[in-house]
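Shown next, in structure tokens, is the structure this report addresses.
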Amino acid sequence: MIFSNLAIRQDINVPGTTVLVDHDPGSLGLKSSDEVVLIPQPSSDPNDPLNWSMWRKQLHFWILFVFALVLAASSNFQGPLYKGLSEIYDRTLNQLNAGLGTTSLFLAFSCLLCQPIAARFGRRIVYLSATLLSLLSGIVFSGAFSYGGYIGNAVLMGIAAGPIDSLVEVSITDIFFLHQHGKYVAIYALTLGWGSAFGPFIAGYVAENLSIKWCGWLTAIISGALLVVELPFLEESVFQREIDPQVEERLLEAAHSNVHDETVSTRKLEVNIVVNPVTGVKPFKNRLSLWKTTPSKRPIWNDVIDPIKTLRHPAVLWVALAYGIQICWLSLITVTESEFFMAPPYNFGSDTLGLLNLAMVIGSTISAVYSSLSDKFQIWMTKANKGIFEPEFRLLMISIPLALNIAGIFMYGLGPYYKDSWVVGALGIVFISVGLGSITSLTLTYVIECYPQEVGDSMSAILFVRNLISALFAWVFQYWLSGVGVLGTTIMLAVFCVVINGFFIVFFIWGKNFRKWSHKC
């Protein structure tokens with residue numbers, strides 16, 4: 001038995017622990033794909049998103065992919081424009097960094113609001129509203145074309161970007177099963193990396209060949225085109241799924257028989273399959289209403305506050321801090337690339353600086369490929385663990401991207417400091433992006449699997465903390481850099497990376513104990 005030395009290994013009454021692999025799930029009335037048990041078990045209702053045809057699932061997911069790509073790019077294109085904006089607005093770099101901090105601050109509160117609104121009125125209206133706000137932010141940026149318009153753009157984009165951080169992951173769990181989460185969360189993390197890279201890349205070329213104003217107009221045009229696609233094709237994925245006690249009993253029986261090496265023939269559980277009333281598939285036009293109201297007697301502000309309570313779970317708190325420190329690497333690149341590479345000996349122009357962000361595209365792509373392997377790794381580990389699934393297995397894959405992340409921080413910070421070739425800094429961005437994407441994907445998937453009944457609240461809490469850290473980082477970074485210098489700042493960031501992300505070892509060993517303890521709180 002692999003990891004038989006771990007405490008409470010055979011205890012399956014812990015949130016996140018379940019049976020994922022069984023030799024004969026049909027004998028217990030469990031729906032499966034080969035030997036992989038479908039978690040959650042889909043209902044018999046054809047309108048259940050878990051029962052959607054694969055083409056409907058893929059259409060839904062890839063629209064969200066483009067949504068996240070566009071809004072990540074729209075909220076992060078300013079890096080190569082800093083020098084030009086500083087001259088046009090007659091503002092310092094610290095004042096321009098205030099825009100990034102403002103975006104992060106409003107993003108933090110947007111993440112708290114997205115979940116309650118989506119729970120009451122559906123995911124669809126939230127996505128459509130966010131796309132519309134992105135369109136308006138581009139108009140404000142270029143229409144006003146002043147420092148006030150710059151801050152106004154930051155406020156609107158902070159609100160608009162909330163769903164790409166806190167809601168897309170929940171939509172993934174709406175339509176895909178547990179054993180598919182790693183792949184699709186990895187692709188989702190890829191969109192954030194690509195958006196954060198393509199935004200500055202495109203902005204640099206647009207500013208150099210058209211004008212800075214056109215960066216805002218382009219944001220509005222692309223967001224408008226996306227809205228036209230979303231209106232007829234982005235379906236509502238909210239589904240009120242009730243927990244079936246009999247299904248829970250069957251899962252417990254399967255896990256028990258796996259742990260004790262029982263064969264199917266020795267199983268004594270009498271299965272009574274309850275078939276839910278089957279309704280017809282909703283007509284296409286009925287699936288595209290702007291919102292879907294779910295009545296609730298609770299004040300909506302209770303739903304806003306509830307996510308904060310999930311920070312009592314050690315896994316949620318750790319991932320919030322880990323994600324927060326990861327996003328600081330993105331802010332680091334955004335606020336320093338002009339300062340580092342537009343100065344001697346590099347003397348990059350806006351378009352060349354934009355090209356530097358292709359390194360982030362390369363790193364994000366590598367991270368997505370690597371992270372997508374975590375599903376197969378998780379199933380392999382589960383089979384070796386008598387079919388019992390533990391979320392902590394996935395954490396083992398953090399070790400490689402963590403090492404690359406540390407190396408990337410040193411290369412990006414110290415390459416320009418010692419006037420090395422720009423290639424050193426570019427490779428640093430590649431390695432940082434591998435770490436950012438992989439660690440983000442693996443840790444978010446870990447939390448999703450630890451507390452499947454609290455996905456929405458835990459994601460909101462994580463993103464709230466992450467964006468507060470990002471806002472603080474953006475506001476103080478220039479002072480920090482001026483105070484301790486590039487060398488000192490780089491070393492400090494590397495230490496933060498090691499200490500905070502290195503806690504994956506603690507959670508791999510004791511994560512199940514933490515889950516059991518926090519479930520009783």
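List the residues of segment 429-461 whose backbone N lies under 13 Å from a point placed 7 Å from the Cα of Arg241 along the Cα-to-Cβ direction.
449, 452-456
Once fully extended, how much extra length lies between Ile509 and Tyr418, figured as 0.36 nm per residue of separation less the alpha-carbon to alpha-carbon distance?
In short, 28.7 nm is gained.
Give me the dipole magnitude in Debye, nearest 20, for the chain about the Cα centre, with unit charges on the beta carbon: positive for Lys and Arg, negative for Asp and Glu.
That gives a dipole near 500 debye.
Ranked by Cβ crowding within 10 angstrom, fewest neighbours first, how are Phe393, Phe284 ordered?
Phe284, Phe393
Can you tell me the 0 to 90 degree angle between the C-alpha axis of helix 358-372 and the longest principal axis of the chain, rounded to 10?
10
Dipole size in debye (nearest 20) for segment 349-417 around its Cα centre, Lys and Arg Cβ +1, Asp and Glu Cβ -1?
280
Hey, can you rank 216-226, 95-105 by average C-beta count inside 10 Å, highest first?
In decreasing order of mean packing, 216-226, 95-105 become 95-105, 216-226.
Tell me the label-point distance for the pair Trp380, Thr293, using the 7 Å Cα-to-Cβ offset, in nm and rounded to one decimal.
5.2
Considering only Trp380, Gly408, Gln453, whose Cα is most displaced toward the positive end of the charge dipole of the chain, charges sitting on Cβ of Lys, Arg (+1) and Asp, Glu (-1)?
Going by the charge dipole, the pick is Gln453.
Taking amide H atoms as placed 1.01 Å from N in the peptide plane, list the residues 5 or more away in sequence, or in a different chain, whose amide H sits under 5 Å from that of Ser32.
Leu38
Using only DSSP helix segments of four residues or longer, with each worth -39500 (n - 2.57), what per-residue ellipticity at 222 nm results for the chain after dividing by its residue count and rounding to 500?
It lands at -23000 deg cm²/dmol.
Val229 to Ser482: extension gain in nm, 0.36 nm per residue of separation minus the Cα-Cα distance?
Full-extension gain reported as 86.5 nm.
What FRET efficiency comes out for the pair Gln58/Phe109, r = Cβ-Cβ distance, R0 = 35 Å, nearest 0.05?
The formula returns an efficiency of 0.60 here.
When only Cα pairs under 8 Å and 6 or more residues apart are kept, what is the percent relative contact order across the chain?
The value is 27 percent.
I need the peptides 299-312, 125-138, 38-51 ranked by packing, meaning the mean over residues of other C-beta atoms within 10 angstrom, with the highest value on top.
125-138, 38-51, 299-312
What is the local net charge at Phe201, summed over the other residues whose Cβ is closer than 14 Å to its Cβ (Lys, Arg +1; Asp, Glu -1)?
Counting the neighbours of Phe201, the net charge comes to -3.
Calculate, in nm to one decimal, what Ile300 and Ile88 gain on full extension: separation in residues at 0.36 nm each, minus their alpha carbon distance.
The span from Ile300 to Ile88 would gain 72.0 nm if fully extended.
Note down the nm distance, to one decimal, between modelled labels 7 Å out along Cα→Cβ at Asn209 and at Tyr346.
2.2
For a quick protection proxy, order the peptides 454-466, 485-497 by their average other-Cβ count within 10 Å, most packed first.
Order by mean packing, descending: 454-466, 485-497.
Between 0 and 90 degrees, rounded to the nearest ten: what's the tilt of helix 181-209 against the longest Cα principal axis of the chain?
Between helix and principal axis, roughly 10 degrees.
Nearest 10 degrees is fine. How inclined is helix 147-160 to the longest principal axis of the chain, computing both from alpha carbons?
Relative to the chain, helix 147-160 is tipped by roughly 10 degrees.
Among Leu218, Ser44, Pro344, which residue has its Cα positioned farthest towards the positive end of the charge dipole of the chain, with +1 placed on the Cβ of Lys and Arg, -1 on the Cβ of Asp and Glu, and the dipole taken about the Cα centre?
Leu218
A short reminder: the numbers here are calculations on the coordinates, not readings from a lab. Just so it is clear, the model here is predicted, and its values are computed rather than measured. Counting neighbours? That spans all protein chains shown, and the Cβs are built from the backbone with ideal geometry, glycine included.
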